[in-house]
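Accompanying notes for the structure given below.
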Amino acid sequence: MVQLVLKFLLYFKNHALKILLCKDKVGEKMRIVATGTFDILHPGHIKFLEEAKKLGDELIVIVARERNVKHKPKPVVPEEQRRRVVEAIKFVDKAILGDKYDIFKPIEELKPDIIVLGYDQHFDEKWLEEELRKRNLKCKVVRLKVKEECELCSSHKIIEKILEKYGGEK
């Protein structure tokens, strides 16, 4: 009985959040878009995607093209492989590669209700909202505050650990 009550409360909380975010879409499917590099997957990525999925009915992930990653070192894992791995995560309905030249092109095609940003993603919400408005895209931008705490919850930390452990060996 307690389990049933907890499930109901969780459902109600998620449903109430959807109503607050997109009042005009009540009763319709909510499309959520999350973006990222997803170079070396770790529990932080999984938590981010799990929380993003709770905001809607369909979660589509746009995996960054290598050429568009400018705010940190280029990914180690090839882009199509990163896309395939992200798409295999149970919370993700579909994963696509971003556009090579215009990061907003997939957003224009997908027409999401909400774009979700992770707690540490480099995007400035105000800039992103302004760019969306200029393109007449009516979607909300939500930054998730949730953060998974673990020793290696960062692709960079994983790479550092590998180099520390195996750096001099062949």
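The values are calculated or read from the model by the stated rules, or taken from the named source; none is laboratory data. What you see is a predicted model, and the numbers here were worked out from it, not measured in a lab. In this analysis, Cβ positions are derived from the backbone assuming ideal geometry, glycine residues included, and neighbour counts consider all displayed protein chains.
In the condition set (1) in contact (Cβ under 8 Å) with a residue 12 or more places away in the chain; (2) surrounded by fewer than 16 Cβ atoms within 10 Å (Cβ to Cβ); (3) among the acidic types (D, E), D113 is compliant with all but (2). The residues in segment 38-57 that are touching a Pro at 6+ places or on another chain (Cβ under 6 Å) and among the aliphatic types (A, V, I, L, M) can be counted, and the count is 0. Tell me whether segment 149-170 contains one or more residues that are over 20 Å from V76 (Cα atoms), within 15 Å of the chain's Cα centre (by Cα) and touching a residue at least 40 places away in the same chain (Cβ under 8 Å). Taking every residue of segment 149-170 in turn, none turns out to be over 20 Å from V76 (Cα atoms), within 15 Å of the chain's Cα centre (by Cα) and touching a residue at least 40 places away in the same chain (Cβ under 8 Å). Condition check for R82 on (1) in contact with a Ser or Thr (Cβ under 8 Å, 6 or more places away or on another chain); (2) of a type outside the set (V, I, T); (3) farther than 19 Å from V33 by Cα: one failure, at (3).
Quick check: anything in segment 67-82 of a type in the set (A, V, I, L, M, F, W, C) and touching a helix residue (DSSP H, G or I) at 6+ places or on another chain (Cβ under 6 Å)?
If we filter segment 67-82 for residues that are of a type in the set (A, V, I, L, M, F, W, C), which is where we start, we get 69, 76-77.
With touching a helix residue (DSSP H, G or I) at 6+ places or on another chain (Cβ under 6 Å) added as a condition, the list becomes none.
No, the conditions are met nowhere in segment 67-82.
Segment 1-118 holds strands (runs of 3 or more DSSP E) entirely within its bounds, and those carrying 3 or more residues that are out of contact with any Cys (no Cβ under 7 Å at 6 or more places or on another chain) and modelled with pLDDT of 95 or more map to 31-36, 58-63, 94-97. Restricting attention to segment 125-166, report how many residues are under 23 Å from V33 (Cβ atoms) and of a type in the set (F, W, Y). Residues meeting the conditions: 1.
Give the residue that is surrounded by the fewest Cβ atoms within 10 Å (Cβ to Cβ), with candidates limited to residues of segment 133-170 that are acidic (D, E) and in a loop (DSSP other than H, G, I, E, B). Walk me through how you get there before you give the answer.
Kept after step one, since they are acidic (D, E), are these residues of segment 133-170: 148-149, 151, 160, 164, 169.
Remaining after also requiring in a loop (DSSP other than H, G, I, E, B): 148-149, 151, 169.
On the way: E148: 15, E149: 8, E151: 10, E169: 5.
In this case the residue turns out to be E169.
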